[in-house]
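The values are calculated or read from the model by the stated rules, or taken from the named source; none is laboratory data. If you're wondering where the values come from, they're calculated on a predicted model, not measured in any experiment. In this analysis, Cβ positions are derived from the backbone assuming ideal geometry, glycine residues included, and neighbour counts consider all displayed protein chains. Note: accessible area is taken over every heavy atom of the protein model, side chains too, but ligands, DNA and RNA are not part of it. Shrake-Rupley method; radii C 1.70, N 1.55, O 1.52, S 1.80 Å.
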Amino acid sequence: MRDCSRRTGDAQRSSVFPRSGDGLDITDEASVHDVLGRLDGEFQLIFCATGALTIDGVGPEKALKQLSADAMMKQFALNALGPALVLKHVAAKLPRRDRGLMAFLSARVGSIGDNHLGGWVSYRASKAALNQIVRTASIELGRTHPQSVLAALHPGTVATSLSDDYAGGRDRFLPEESATRMLSVLDRLQPAQSGSFHAYDGSSIEW
């Protein structure tokens, strides 16, 4: 979870909880409850930017014969369960009557309809699960926070260690550019679009 921002008047307060610091382990509910429970008041923006292609040295599968139950469970724990726990413990901190935004870092490869290459079964499935979690949570949240927007966002190919081994020579965004683009997309989304899946350029991605 990278950013939790609250605006009061002209000021903005932010709390940043990197997965590697502050004792936050989003795969452990006790840790999520303890760390995120320290946040008080309402937040206009909550952005959960977690994910991994390679966990404990195991990267995405190129073929079914490479499937590992342990590796798949770790992908689901970080890419789907973790964001679900974040949702559970912070969604209520969005404004009840005013506009609130909550986004989750997904990936285009999590799209079932857009999958034309195969491979990467565990990572694809975990991100597809995240998309379903966001969609389902948006329906419930819409009943209590009608002005809030939940969204799954694809950041593009970003120049980070996550994509170093998989970029294939393609151009990559700087992290700051990708973040700016995603925040711009999120800012334009309306409550009727809550629970949707979008790319960094604002285009809608099929489930």
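Please tell me if Arg170 is at pLDDT below 95, in a helix (DSSP H, G or I) and among the charged types (D, E, K, R).
No.
I need a count of the residues in the range 19-63 that are without any contact (Cβ under 8 Å) to a residue 40 or more places away in the chain and among the small types (Gly, Ala, Ser).
The total comes to 6.
From the list Arg19, Arg6, which one is surrounded by 19 or more Cβ atoms within 10 Å (Cβ to Cβ), of a type in the set (Lys, Arg), modelled with pLDDT under 95 and under 20 Å from the mean Cα position of the chain (by Cα)?
Exactly one residue qualifies, and that residue is Arg6.
Under 8 Å between Cβ atoms, at least 6 apart or on separate chains: pull out the pairs that start in the range 80-99 with a residue that is more than 14 Å from Ser31 (Cα to Cα) and end on any residue that is open to solvent by less than 50 Å² (accessible area, probe 1.4 Å) and of a type in the set (Ser, Thr, Tyr).
Final answer for the pair search is Ala80/Ser126; Leu94/Ser148; Pro95/Ser148; Arg99/Ser148.
All but one of (1) aliphatic (A, V, I, L, M); (2) free of Cβ contacts under 8 Å to residues at least 40 places away in the same chain; (3) within 15 Å of Lys127 (Cβ to Cβ) hold for Ala69; which doesn't?
(3)
Just to verify a result, which residue in the range 153-167, among those that are open to solvent by less than 70 Å² (accessible area, probe 1.4 Å) and small (Gly, Ala, Ser), is modelled with the lowest pLDDT?
Top of the filtered list is Ser163.
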